[in-house]
1. Looking only at residues that are under 41 Å from the mean Cα position of the chain (by Cα) and part of a strand (DSSP E or B) in the stretch 93-109, which one is modelled with the lowest pLDDT?
2. Condition test on Phe60, is it more than 16 Å from Leu134 (Cβ to Cβ), crowded, with 17+ Cβ neighbours inside 10 Å and free of Cβ contacts under 8 Å to residues at least 40 places away in the same chain?
3. Only one of Ile252, Ile284, Ile303, Ile273 is modelled with pLDDT of 85 or more, outside any loop (DSSP other than H, G, I, E, B) and more than 27 Å from the chain's Cα centre (by Cα); which?
4. Starting from the stretch 260-289, take each residue that is over 15 Å from Leu244 (Cβ atoms) and list its partners that are assigned to a loop (DSSP other than H, G, I, E, B), counting only C-beta distances under 7 angstrom and pairs at least six apart or across chains.
5. Looking at Ala270, Ala294, can you tell me which residue is in contact with a Gly (Cβ under 6 Å, 6 or more places away or on another chain), under 24 Å from Thr333 (Cβ atoms) and of a type in the set (Gly, Ala, Ser)?
6. If Ala430 satisfies every condition in (1) small (Gly, Ala, Ser); (2) over 24 Å from Leu192 (Cβ atoms); (3) at pLDDT below 90 but one, which is the exception?
7. Which condition breaks for Asp90 when tested against (1) open to solvent by 60 Å² or more (accessible area, probe 1.4 Å); (2) within 30 Å of Ala314 (Cα to Cα); (3) under 35 Å from the mean Cα position of the chain (by Cα)?
Amino acid sequence: VPSGAIVTFRDVTAARAATAALRDLNDSLEARVAERTRERDRTWANSQDLLCVIATDGVFTAVNPAWTTVLGWTADDLLGQSILAFLHADDRPRAATRLATLRPQYWSRVENRYRHRDGSYRDFSWATTPEGALVYCSGRDITAEKIAAAELAVAQDALRQAQKMEAVGQLTGGIAHDFNNLLQIVVGNLDLLQRALPADPPRLRRAADNALAGAMRAAALTQRLMAFSRQQPLVATAIDVNALVRGMTDLIGRSLGETMAIDLRLDPSAGRIEADPNQLESAILNLAVNARDAMPGGGVLTIATSTRVLDSAAAAAAALPAGAYLVISVTDTGVGIDAATAARVFEPFFTTKEVGKGTGLGLAMVYGFVKQSRGHVVLASTPGTGTTVDIVLPVFAGDLPAAAPAAAASGSTRRATILVVEDDDAVRAAAVEMLGELGHAVIAAADGPEAVAIIGARGSDIDLLFTDVVLPGGMTGVDIARVAVSVVPGLRVLFTTGYARSAFDDSDLTAGAVLPKPYTFANLAAQIATTLG
(Lines give C-alpha, C1' and ligand atoms only; values in the text may rest on other atoms or scores of the structure.)
Protein backbone atom coordinates (compact mmCIF):
# COMPACT_ATOMS: atom_id res chain seq x y z
CA VAL A 1 0.00 0.00 0.00
CA PRO A 2 1.50 3.26 -1.07
CA SER A 3 2.31 5.46 1.82
CA GLY A 4 1.97 8.69 -0.17
CA ALA A 5 1.59 10.31 -3.63
CA ILE A 6 3.12 13.18 -5.47
CA VAL A 7 0.52 15.26 -7.34
CA THR A 8 1.51 17.61 -10.19
CA PHE A 9 -0.89 20.24 -11.58
CA ARG A 10 -0.54 21.58 -15.17
CA ASP A 11 -2.63 24.49 -16.57
CA VAL A 12 -4.30 23.29 -19.79
CA THR A 13 -6.75 26.18 -20.13
CA ALA A 14 -5.04 27.64 -23.20
CA ALA A 15 -4.66 24.26 -24.81
CA ARG A 16 -8.31 23.44 -24.21
CA ALA A 17 -9.29 26.86 -25.62
CA ALA A 18 -7.10 26.32 -28.69
CA THR A 19 -8.58 22.87 -29.18
CA ALA A 20 -12.08 24.28 -28.89
CA ALA A 21 -11.25 27.11 -31.29
CA LEU A 22 -9.78 24.64 -33.77
CA ARG A 23 -12.86 22.51 -33.44
CA ASP A 24 -15.07 25.58 -34.03
CA LEU A 25 -12.91 26.63 -36.99
CA ASN A 26 -13.19 23.19 -38.51
CA ASP A 27 -16.91 23.17 -37.86
CA SER A 28 -17.42 26.64 -39.53
CA LEU A 29 -14.84 26.38 -42.30
CA GLU A 30 -17.22 24.86 -44.77
CA ALA A 31 -19.82 27.55 -44.00
CA ARG A 32 -17.27 30.34 -44.42
CA VAL A 33 -15.98 28.91 -47.65
CA ALA A 34 -19.55 28.64 -48.90
CA GLU A 35 -20.19 32.28 -47.89
CA ARG A 36 -17.02 33.55 -49.56
CA THR A 37 -17.98 31.63 -52.66
CA ARG A 38 -21.42 33.22 -52.60
CA GLU A 39 -19.85 36.69 -52.21
CA ARG A 40 -17.53 36.04 -55.17
CA ASP A 41 -20.45 34.76 -57.21
CA ARG A 42 -22.51 37.84 -56.33
CA THR A 43 -19.64 40.11 -57.44
CA TRP A 44 -19.24 38.09 -60.61
CA ALA A 45 -22.97 38.21 -61.33
CA ASN A 46 -23.61 41.84 -60.36
CA SER A 47 -20.57 43.50 -61.95
CA GLN A 48 -21.40 45.87 -64.80
CA ASP A 49 -17.88 45.32 -66.18
CA LEU A 50 -17.18 42.42 -68.47
CA LEU A 51 -15.46 39.66 -66.48
CA CYS A 52 -14.09 36.55 -68.09
CA VAL A 53 -11.49 33.82 -67.90
CA ILE A 54 -9.74 32.79 -71.08
CA ALA A 55 -7.15 30.21 -71.93
CA THR A 56 -3.81 31.44 -73.19
CA ASP A 57 -4.98 30.68 -76.73
CA GLY A 58 -7.81 33.20 -76.29
CA VAL A 59 -10.70 30.74 -75.85
CA PHE A 60 -13.38 31.74 -73.32
CA THR A 61 -13.65 29.40 -70.33
CA ALA A 62 -15.92 31.55 -68.13
CA VAL A 63 -17.92 34.77 -68.60
CA ASN A 64 -20.11 36.81 -66.29
CA PRO A 65 -23.73 37.90 -67.07
CA ALA A 66 -22.58 41.43 -68.01
CA TRP A 67 -21.66 40.05 -71.43
CA THR A 68 -25.36 39.52 -72.05
CA THR A 69 -26.39 42.87 -70.52
CA VAL A 70 -23.78 44.96 -72.32
CA LEU A 71 -23.16 43.13 -75.58
CA GLY A 72 -26.12 40.75 -75.93
CA TRP A 73 -24.01 37.59 -76.01
CA THR A 74 -24.96 34.67 -73.75
CA ALA A 75 -22.53 32.30 -72.09
CA ASP A 76 -23.50 29.62 -74.61
CA ASP A 77 -22.53 32.01 -77.43
CA LEU A 78 -19.10 32.68 -75.93
CA LEU A 79 -17.80 29.62 -74.11
CA GLY A 80 -15.45 27.61 -76.25
CA GLN A 81 -15.11 30.48 -78.76
CA SER A 82 -12.01 32.60 -79.30
CA ILE A 83 -12.09 36.25 -78.29
CA LEU A 84 -10.76 37.06 -81.77
CA ALA A 85 -14.11 36.06 -83.28
CA PHE A 86 -15.83 38.93 -81.41
CA LEU A 87 -13.21 41.65 -81.92
CA HIS A 88 -13.28 44.38 -84.55
CA ALA A 89 -11.28 43.29 -87.58
CA ASP A 90 -8.79 46.13 -87.10
CA ASP A 91 -8.11 45.06 -83.48
CA ARG A 92 -7.57 41.35 -84.13
CA PRO A 93 -3.89 41.45 -85.23
CA ARG A 94 -2.86 43.39 -82.13
CA ALA A 95 -4.84 41.04 -79.81
CA ALA A 96 -3.37 37.96 -81.49
CA THR A 97 0.14 39.35 -80.95
CA ARG A 98 -0.59 39.92 -77.25
CA LEU A 99 -1.86 36.36 -76.84
CA ALA A 100 1.22 34.98 -78.58
CA THR A 101 3.59 36.90 -76.30
CA LEU A 102 1.63 36.46 -73.07
CA ARG A 103 3.68 36.91 -69.91
CA PRO A 104 2.66 36.32 -66.27
CA GLN A 105 2.09 39.97 -65.55
CA TYR A 106 -0.74 42.43 -64.92
CA TRP A 107 -1.79 44.36 -68.00
CA SER A 108 -3.98 47.47 -67.81
CA ARG A 109 -5.41 49.92 -70.34
CA VAL A 110 -5.54 47.40 -73.14
CA GLU A 111 -8.23 48.85 -75.41
CA ASN A 112 -10.17 47.14 -78.17
CA ARG A 113 -13.63 46.98 -79.73
CA TYR A 114 -16.06 44.11 -79.23
CA ARG A 115 -18.98 43.39 -81.52
CA HIS A 116 -22.47 43.72 -80.08
CA ARG A 117 -25.02 41.09 -81.02
CA ASP A 118 -26.79 43.74 -83.14
CA GLY A 119 -23.63 44.23 -85.24
CA SER A 120 -22.44 47.49 -83.71
CA TYR A 121 -19.16 47.83 -81.81
CA ARG A 122 -18.37 49.11 -78.35
CA ASP A 123 -15.02 50.19 -76.90
CA PHE A 124 -13.56 48.51 -73.79
CA SER A 125 -10.55 49.08 -71.59
CA TRP A 126 -9.15 45.84 -70.15
CA ALA A 127 -7.06 44.83 -67.16
CA THR A 128 -5.67 41.30 -67.53
CA THR A 129 -3.73 38.98 -65.25
CA PRO A 130 -2.17 35.85 -66.78
CA GLU A 131 -1.83 33.01 -64.26
CA GLY A 132 -0.66 29.62 -65.41
CA ALA A 133 -2.75 28.43 -68.33
CA LEU A 134 -5.49 30.99 -67.73
CA VAL A 135 -5.90 34.75 -68.09
CA TYR A 136 -8.29 36.63 -65.80
CA CYS A 137 -9.81 39.69 -67.52
CA SER A 138 -11.91 42.70 -66.51
CA GLY A 139 -13.22 45.06 -69.18
CA ARG A 140 -14.82 48.49 -68.64
CA ASP A 141 -17.12 49.96 -71.30
CA ILE A 142 -15.54 53.26 -72.44
CA THR A 143 -17.72 53.84 -75.51
CA ALA A 144 -19.36 56.94 -74.01
CA GLU A 145 -15.93 58.29 -73.03
CA LYS A 146 -14.63 57.75 -76.56
CA ILE A 147 -17.64 59.54 -78.05
CA ALA A 148 -17.26 62.40 -75.56
CA ALA A 149 -13.54 62.65 -76.33
CA ALA A 150 -14.25 62.77 -80.07
CA GLU A 151 -16.91 65.45 -79.56
CA LEU A 152 -14.51 67.41 -77.36
CA ALA A 153 -11.83 67.20 -80.05
CA VAL A 154 -14.29 68.52 -82.63
CA ALA A 155 -15.35 71.32 -80.28
CA GLN A 156 -11.72 72.22 -79.58
CA ASP A 157 -10.95 72.30 -83.30
CA ALA A 158 -13.98 74.52 -83.84
CA LEU A 159 -12.87 76.78 -80.99
CA ARG A 160 -9.34 77.05 -82.38
CA GLN A 161 -10.75 77.84 -85.81
CA ALA A 162 -13.10 80.46 -84.34
CA GLN A 163 -10.25 82.02 -82.36
CA LYS A 164 -8.05 82.09 -85.44
CA MET A 165 -10.79 83.68 -87.53
CA GLU A 166 -11.49 86.19 -84.77
CA ALA A 167 -7.81 87.15 -84.57
CA VAL A 168 -7.54 87.48 -88.34
CA GLY A 169 -10.78 89.46 -88.31
CA GLN A 170 -9.45 91.95 -85.79
CA LEU A 171 -6.28 92.37 -87.84
CA THR A 172 -8.10 92.82 -91.14
CA GLY A 173 -10.63 95.15 -89.53
CA GLY A 174 -7.85 97.41 -88.30
CA ILE A 175 -6.18 97.35 -91.71
CA ALA A 176 -9.47 98.13 -93.45
CA HIS A 177 -10.15 101.04 -91.11
CA ASP A 178 -6.74 102.60 -91.78
CA PHE A 179 -7.04 102.03 -95.53
CA ASN A 180 -10.51 103.55 -95.62
CA ASN A 181 -9.18 106.73 -94.03
CA LEU A 182 -6.36 106.83 -96.58
CA LEU A 183 -8.73 106.09 -99.42
CA GLN A 184 -11.09 108.82 -98.22
CA ILE A 185 -8.29 111.34 -98.77
CA VAL A 186 -7.60 109.93 -102.25
CA VAL A 187 -11.26 109.58 -103.30
CA GLY A 188 -12.35 112.90 -101.86
CA ASN A 189 -9.58 114.88 -103.51
CA LEU A 190 -9.85 113.05 -106.84
CA ASP A 191 -13.56 113.77 -106.83
CA LEU A 192 -12.90 117.44 -106.20
CA LEU A 193 -10.20 117.41 -108.88
CA GLN A 194 -12.60 115.92 -111.41
CA ARG A 195 -15.16 118.59 -110.71
CA ALA A 196 -12.58 121.34 -111.15
CA LEU A 197 -10.95 119.99 -114.33
CA PRO A 198 -11.89 121.66 -117.60
CA ALA A 199 -13.26 119.51 -120.40
CA ASP A 200 -9.96 119.90 -122.24
CA PRO A 201 -7.45 118.41 -122.30
CA PRO A 202 -9.29 115.02 -122.14
CA ARG A 203 -6.07 113.27 -121.15
CA LEU A 204 -6.12 114.84 -117.67
CA ARG A 205 -9.78 114.00 -117.15
CA ARG A 206 -9.16 110.42 -118.28
CA ALA A 207 -6.26 110.11 -115.85
CA ALA A 208 -8.38 111.45 -113.00
CA ASP A 209 -11.23 109.06 -113.94
CA ASN A 210 -8.87 106.07 -113.98
CA ALA A 211 -7.33 107.06 -110.65
CA LEU A 212 -10.77 107.40 -109.05
CA ALA A 213 -11.89 104.07 -110.49
CA GLY A 214 -8.78 102.41 -109.03
CA ALA A 215 -9.42 104.00 -105.66
CA MET A 216 -13.03 102.75 -105.67
CA ARG A 217 -11.82 99.23 -106.50
CA ALA A 218 -9.50 99.45 -103.51
CA ALA A 219 -12.47 100.66 -101.45
CA ALA A 220 -14.44 97.59 -102.55
CA LEU A 221 -11.62 95.35 -101.34
CA THR A 222 -11.49 97.04 -97.95
CA GLN A 223 -15.28 96.73 -97.75
CA ARG A 224 -14.89 92.98 -98.13
CA LEU A 225 -12.24 92.97 -95.43
CA MET A 226 -14.67 94.81 -93.18
CA ALA A 227 -17.36 92.28 -94.00
CA PHE A 228 -15.06 89.43 -93.00
CA SER A 229 -14.08 91.15 -89.77
CA ARG A 230 -17.77 91.86 -89.03
CA GLN A 231 -17.14 95.58 -88.75
CA GLN A 232 -19.31 96.84 -91.59
CA PRO A 233 -22.44 98.82 -90.77
CA LEU A 234 -25.51 96.78 -91.78
CA VAL A 235 -29.04 97.96 -92.47
CA ALA A 236 -31.12 94.97 -91.40
CA THR A 237 -34.69 94.55 -92.62
CA ALA A 238 -37.11 91.64 -92.83
CA ILE A 239 -36.43 89.72 -96.05
CA ASP A 240 -38.58 87.24 -97.95
CA VAL A 241 -35.66 85.07 -99.03
CA ASN A 242 -37.57 83.17 -101.72
CA ALA A 243 -38.60 86.45 -103.36
CA LEU A 244 -35.04 87.80 -103.11
CA VAL A 245 -33.58 84.67 -104.76
CA ARG A 246 -36.16 84.72 -107.55
CA GLY A 247 -35.39 88.37 -108.16
CA MET A 248 -31.68 87.54 -108.51
CA THR A 249 -32.14 84.70 -111.00
CA ASP A 250 -31.51 86.80 -114.11
CA LEU A 251 -28.43 88.43 -112.58
CA ILE A 252 -27.03 85.04 -111.49
CA GLY A 253 -27.78 83.59 -114.92
CA ARG A 254 -25.83 86.36 -116.64
CA SER A 255 -22.95 85.83 -114.21
CA LEU A 256 -22.83 82.07 -114.80
CA GLY A 257 -22.99 82.05 -118.60
CA GLU A 258 -24.78 79.81 -121.06
CA THR A 259 -23.06 76.57 -120.05
CA MET A 260 -24.58 76.67 -116.56
CA ALA A 261 -28.12 75.73 -115.56
CA ILE A 262 -29.87 77.16 -112.49
CA ASP A 263 -32.16 74.92 -110.45
CA LEU A 264 -34.27 76.72 -107.82
CA ARG A 265 -35.65 74.55 -105.04
CA LEU A 266 -37.37 77.07 -102.82
CA ASP A 267 -39.43 75.80 -99.90
CA PRO A 268 -42.77 77.67 -99.98
CA SER A 269 -42.99 77.42 -96.20
CA ALA A 270 -39.60 79.07 -95.68
CA GLY A 271 -40.13 82.20 -93.62
CA ARG A 272 -38.28 85.47 -93.50
CA ILE A 273 -34.97 86.53 -92.03
CA GLU A 274 -33.71 89.84 -90.69
CA ALA A 275 -30.56 90.89 -92.52
CA ASP A 276 -29.11 93.49 -94.85
CA PRO A 277 -30.66 92.63 -98.25
CA ASN A 278 -27.81 94.15 -100.26
CA GLN A 279 -25.21 92.16 -98.36
CA LEU A 280 -27.29 88.97 -98.64
CA GLU A 281 -27.53 89.44 -102.41
CA SER A 282 -23.76 89.96 -102.55
CA ALA A 283 -23.19 86.81 -100.49
CA ILE A 284 -25.40 84.66 -102.75
CA LEU A 285 -23.81 86.15 -105.87
CA ASN A 286 -20.33 85.45 -104.48
CA LEU A 287 -21.27 81.82 -103.88
CA ALA A 288 -22.71 81.56 -107.39
CA VAL A 289 -19.54 82.98 -108.95
CA ASN A 290 -17.39 80.57 -106.92
CA ALA A 291 -19.63 77.73 -108.10
CA ARG A 292 -19.20 78.87 -111.71
CA ASP A 293 -15.42 78.78 -111.35
CA ALA A 294 -15.66 75.26 -109.91
CA MET A 295 -17.55 74.08 -113.04
CA PRO A 296 -15.26 75.07 -115.94
CA GLY A 297 -16.97 72.59 -118.24
CA GLY A 298 -20.49 73.63 -117.30
CA GLY A 299 -22.89 72.17 -114.79
CA VAL A 300 -25.89 72.85 -112.57
CA LEU A 301 -26.12 75.45 -109.81
CA THR A 302 -28.85 74.62 -107.29
CA ILE A 303 -30.15 77.27 -104.91
CA ALA A 304 -32.46 75.87 -102.25
CA THR A 305 -34.19 77.25 -99.18
CA SER A 306 -35.42 75.27 -96.20
CA THR A 307 -36.24 75.67 -92.54
CA ARG A 308 -34.21 73.86 -89.92
CA VAL A 309 -34.76 73.67 -86.16
CA LEU A 310 -31.50 73.40 -84.22
CA ASP A 311 -31.69 71.65 -80.87
CA SER A 312 -29.31 72.59 -78.08
CA ALA A 313 -26.58 70.18 -79.22
CA ALA A 314 -26.67 71.20 -82.89
CA ALA A 315 -26.89 74.88 -81.96
CA ALA A 316 -23.93 74.61 -79.58
CA ALA A 317 -21.82 72.99 -82.32
CA ALA A 318 -22.53 76.01 -84.54
CA ALA A 319 -22.17 78.54 -81.67
CA LEU A 320 -25.80 79.59 -82.15
CA PRO A 321 -28.84 79.79 -79.87
CA ALA A 322 -31.24 76.87 -80.25
CA GLY A 323 -34.29 77.65 -82.38
CA ALA A 324 -35.63 77.92 -85.93
CA TYR A 325 -33.30 78.88 -88.77
CA LEU A 326 -33.69 79.48 -92.48
CA VAL A 327 -31.07 77.76 -94.62
CA ILE A 328 -29.99 79.02 -98.04
CA SER A 329 -28.07 76.23 -99.80
CA VAL A 330 -25.93 76.88 -102.88
CA THR A 331 -24.78 73.64 -104.52
CA ASP A 332 -22.62 73.08 -107.59
CA THR A 333 -21.69 69.97 -109.58
CA GLY A 334 -18.08 71.06 -109.90
CA VAL A 335 -14.67 69.68 -109.07
CA GLY A 336 -15.05 69.91 -105.29
CA ILE A 337 -12.27 70.50 -102.76
CA ASP A 338 -10.47 68.38 -100.18
CA ALA A 339 -10.81 68.70 -96.41
CA ALA A 340 -7.58 70.67 -95.97
CA THR A 341 -8.71 73.29 -98.49
CA ALA A 342 -12.25 73.37 -97.06
CA ALA A 343 -10.82 74.26 -93.64
CA ARG A 344 -9.28 77.46 -95.06
CA VAL A 345 -11.73 78.73 -97.67
CA PHE A 346 -13.19 81.44 -95.42
CA GLU A 347 -9.82 82.97 -94.60
CA PRO A 348 -9.16 86.33 -96.27
CA PHE A 349 -6.81 86.22 -99.27
CA PHE A 350 -6.87 82.41 -99.39
CA THR A 351 -7.77 81.27 -102.91
CA THR A 352 -7.32 78.19 -105.07
CA LYS A 353 -7.50 80.28 -108.24
CA GLU A 354 -4.48 81.16 -110.28
CA VAL A 355 -2.77 84.52 -109.84
CA GLY A 356 -4.89 87.38 -111.14
CA LYS A 357 -8.15 85.41 -111.07
CA GLY A 358 -9.38 86.33 -107.60
CA THR A 359 -8.64 88.25 -104.40
CA GLY A 360 -9.62 85.51 -101.96
CA LEU A 361 -12.11 87.83 -100.27
CA GLY A 362 -15.43 86.56 -101.67
CA LEU A 363 -16.02 83.74 -99.19
CA ALA A 364 -14.42 85.78 -96.42
CA MET A 365 -17.07 88.44 -97.03
CA VAL A 366 -19.82 85.80 -96.93
CA TYR A 367 -18.46 84.43 -93.66
CA GLY A 368 -18.24 87.83 -91.97
CA PHE A 369 -21.66 89.00 -93.15
CA VAL A 370 -23.40 85.82 -91.96
CA LYS A 371 -21.63 85.87 -88.59
CA GLN A 372 -22.49 89.54 -88.14
CA SER A 373 -26.11 88.65 -88.93
CA ARG A 374 -26.14 86.12 -86.05
CA GLY A 375 -25.87 83.13 -88.38
CA HIS A 376 -23.52 80.38 -89.42
CA VAL A 377 -21.90 79.10 -92.63
CA VAL A 378 -21.36 75.40 -93.36
CA LEU A 379 -19.35 74.11 -96.32
CA ALA A 380 -19.44 70.46 -97.42
CA SER A 381 -17.46 69.24 -100.40
CA THR A 382 -16.12 66.04 -101.92
CA PRO A 383 -13.47 66.12 -104.64
CA GLY A 384 -15.07 65.23 -107.95
CA THR A 385 -18.70 65.57 -106.85
CA GLY A 386 -19.22 69.25 -106.05
CA THR A 387 -19.69 71.61 -103.13
CA THR A 388 -22.59 72.81 -101.00
CA VAL A 389 -22.47 75.99 -98.93
CA ASP A 390 -25.27 76.54 -96.40
CA ILE A 391 -26.03 80.02 -95.10
CA VAL A 392 -27.89 79.51 -91.81
CA LEU A 393 -29.74 82.58 -90.50
CA PRO A 394 -32.34 82.90 -87.71
CA VAL A 395 -35.97 83.01 -88.80
CA PHE A 396 -37.55 86.46 -88.34
CA ALA A 397 -40.98 86.46 -86.72
CA GLY A 398 -41.59 90.22 -86.41
CA ASP A 399 -43.52 92.65 -88.59
CA LEU A 400 -42.16 94.14 -91.80
CA PRO A 401 -40.77 97.66 -91.25
CA ALA A 402 -42.37 100.60 -92.94
CA ALA A 403 -40.82 101.65 -96.23
CA ALA A 404 -38.18 104.33 -95.87
CA PRO A 405 -38.98 107.69 -97.49
CA ALA A 406 -37.24 108.43 -100.77
CA ALA A 407 -34.07 110.46 -100.52
CA ALA A 408 -34.37 114.10 -101.40
CA ALA A 409 -32.52 115.33 -104.44
CA SER A 410 -29.24 116.99 -103.56
CA GLY A 411 -30.19 120.09 -105.47
CA SER A 412 -33.26 120.68 -103.30
CA THR A 413 -31.38 120.58 -100.01
CA ARG A 414 -31.54 123.85 -98.11
CA ARG A 415 -28.36 125.63 -97.10
CA ALA A 416 -27.35 124.37 -93.66
CA THR A 417 -24.68 124.92 -91.04
CA ILE A 418 -22.78 121.66 -90.52
CA LEU A 419 -20.33 120.81 -87.74
CA VAL A 420 -17.67 118.43 -89.13
CA VAL A 421 -15.70 116.41 -86.56
CA GLU A 422 -12.74 114.49 -88.02
CA ASP A 423 -9.30 113.90 -86.50
CA ASP A 424 -7.44 113.32 -89.80
CA ASP A 425 -6.46 116.73 -91.17
CA ALA A 426 -6.54 115.69 -94.84
CA VAL A 427 -9.90 113.89 -94.53
CA ARG A 428 -11.37 116.85 -92.65
CA ALA A 429 -10.13 119.30 -95.28
CA ALA A 430 -11.65 117.24 -98.12
CA ALA A 431 -14.99 116.95 -96.30
CA VAL A 432 -15.10 120.68 -95.58
CA GLU A 433 -14.38 121.51 -99.23
CA MET A 434 -17.02 119.08 -100.56
CA LEU A 435 -19.65 120.42 -98.17
CA GLY A 436 -18.71 123.95 -99.18
CA GLU A 437 -19.25 123.06 -102.83
CA LEU A 438 -22.69 121.80 -101.86
CA GLY A 439 -23.44 125.29 -100.56
CA HIS A 440 -23.33 124.60 -96.83
CA ALA A 441 -21.62 126.61 -94.09
CA VAL A 442 -19.08 124.44 -92.33
CA ILE A 443 -17.56 124.50 -88.83
CA ALA A 444 -14.68 122.07 -88.26
CA ALA A 445 -13.39 120.31 -85.12
CA ALA A 446 -10.57 117.80 -84.68
CA ASP A 447 -11.85 115.88 -81.63
CA GLY A 448 -14.67 115.48 -79.14
CA PRO A 449 -13.77 118.14 -76.58
CA GLU A 450 -13.35 120.77 -79.32
CA ALA A 451 -16.68 119.75 -80.87
CA VAL A 452 -18.49 119.90 -77.50
CA ALA A 453 -17.09 123.38 -76.89
CA ILE A 454 -18.39 124.53 -80.29
CA ILE A 455 -21.80 122.99 -79.60
CA GLY A 456 -21.95 124.76 -76.24
CA ALA A 457 -21.09 128.10 -77.83
CA ARG A 458 -22.98 127.88 -81.17
CA GLY A 459 -25.41 124.99 -80.74
CA SER A 460 -28.46 126.92 -81.90
CA ASP A 461 -26.73 127.76 -85.19
CA ILE A 462 -25.89 124.13 -86.09
CA ASP A 463 -28.28 122.14 -88.29
CA LEU A 464 -26.29 118.92 -88.70
CA LEU A 465 -23.51 117.11 -86.84
CA PHE A 466 -21.28 115.20 -89.30
CA THR A 467 -18.81 113.23 -87.19
CA ASP A 468 -16.32 110.42 -87.47
CA VAL A 469 -16.91 107.57 -85.01
CA VAL A 470 -13.41 106.75 -83.77
CA LEU A 471 -11.78 109.89 -82.44
CA PRO A 472 -8.96 110.86 -80.05
CA GLY A 473 -9.55 112.89 -76.90
CA GLY A 474 -11.58 110.34 -74.97
CA MET A 475 -14.85 110.80 -76.85
CA THR A 476 -16.29 108.85 -79.78
CA GLY A 477 -18.63 110.28 -82.36
CA VAL A 478 -21.48 108.56 -80.53
CA ASP A 479 -20.53 110.39 -77.31
CA ILE A 480 -20.47 113.72 -79.17
CA ALA A 481 -23.89 112.98 -80.70
CA ARG A 482 -25.41 112.29 -77.26
CA VAL A 483 -24.09 115.58 -75.90
CA ALA A 484 -25.14 117.49 -79.02
CA VAL A 485 -28.71 116.14 -79.02
CA SER A 486 -29.08 116.93 -75.32
CA VAL A 487 -27.95 120.53 -75.95
CA VAL A 488 -29.81 120.96 -79.27
CA PRO A 489 -32.93 118.75 -79.24
CA GLY A 490 -33.82 117.57 -82.73
CA LEU A 491 -30.31 118.10 -84.10
CA ARG A 492 -29.67 115.91 -87.16
CA VAL A 493 -26.69 113.54 -86.90
CA LEU A 494 -24.69 111.82 -89.64
CA PHE A 495 -21.87 109.44 -88.70
CA THR A 496 -18.98 108.48 -90.94
CA THR A 497 -16.48 105.76 -90.25
CA GLY A 498 -13.92 103.40 -91.72
CA TYR A 499 -15.66 100.70 -89.70
CA ALA A 500 -18.53 100.91 -87.30
CA ARG A 501 -18.75 97.69 -85.36
CA SER A 502 -16.27 98.59 -82.66
CA ALA A 503 -18.09 101.80 -81.71
CA PHE A 504 -21.73 101.19 -82.53
CA ASP A 505 -24.35 98.92 -81.13
CA ASP A 506 -27.94 98.71 -82.36
CA SER A 507 -29.13 101.44 -79.99
CA ASP A 508 -26.34 103.78 -81.13
CA LEU A 509 -27.38 103.42 -84.77
CA THR A 510 -30.75 105.00 -84.02
CA ALA A 511 -28.98 108.29 -83.21
CA GLY A 512 -28.18 108.97 -86.84
CA ALA A 513 -27.42 107.64 -90.29
CA VAL A 514 -24.04 106.14 -91.24
CA LEU A 515 -21.97 107.11 -94.29
CA PRO A 516 -19.13 104.58 -94.73
CA LYS A 517 -15.70 105.72 -95.80
CA PRO A 518 -14.52 106.25 -98.43
CA TYR A 519 -17.41 108.27 -99.82
CA THR A 520 -17.59 110.26 -103.03
CA PHE A 521 -19.01 113.72 -103.59
CA ALA A 522 -22.23 112.15 -104.90
CA ASN A 523 -22.48 109.81 -101.86
CA LEU A 524 -22.03 112.71 -99.50
CA ALA A 525 -24.51 114.94 -101.33
CA ALA A 526 -27.21 112.26 -101.33
CA GLN A 527 -26.73 111.35 -97.66
CA ILE A 528 -26.68 114.99 -96.52
CA ALA A 529 -29.88 115.59 -98.47
CA THR A 530 -31.56 112.56 -96.90
CA THR A 531 -30.43 113.43 -93.37
CA LEU A 532 -31.53 117.05 -93.61
CA GLY A 533 -34.76 115.98 -95.28
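1. Ser108
2. Details: more than 16 Å from Leu134 (Cβ to Cβ): no; crowded, with 17+ Cβ neighbours inside 10 Å: yes; free of Cβ contacts under 8 Å to residues at least 40 places away in the same chain: yes.
Judged against the criteria, Phe60 is not a match.
3. Values: Ile284 fails: more than 27 Å from the chain's Cα centre (by Cα); Ile303 fails: more than 27 Å from the chain's Cα centre (by Cα); Ile273 fails: more than 27 Å from the chain's Cα centre (by Cα).
Going through Ile252, Ile284, Ile303, Ile273 in turn, just one is modelled with pLDDT of 85 or more, outside any loop (DSSP other than H, G, I, E, B) and more than 27 Å from the chain's Cα centre (by Cα): Ile252.
4. Pairs that qualify, where the first residue is over 15 Å from Leu244 (Cβ atoms) and the partner is assigned to a loop (DSSP other than H, G, I, E, B), are Met260/Met295; Met260/Gly298.
5. Ala294
6. (2)
7. (2)
Residues checked against (1) exposed (fewer than 12 other Cβ atoms within 10 Å of the Cβ); (2) modelled with pLDDT of 75 or more; (3) under 27 Å from the mean Cα position of the chain (by Cα); (4) among the charged types (D, E, K, R):
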site	(1), (2), (3), (4)
Arg113	no, yes, no, yes
Thr129	no, yes, no, no
Leu190	no, yes, no, no
Asp200	yes, no, no, yes
Ala207	no, yes, no, no
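The values are calculated or read from the model by the stated rules, or taken from the named source; none is laboratory data. Quantities reported herein were computed from a predicted structural model and do not represent experimental measurements. As a convention, Cβ positions derive from the backbone with ideal geometry for all residues, glycine included, and neighbour counts pool all protein chains shown. When the accessible area is computed, the model is the full protein with side chains, heavy atoms only, and any ligands, DNA or RNA have been set aside. Shrake-Rupley method; radii C 1.70, N 1.55, O 1.52, S 1.80 Å.
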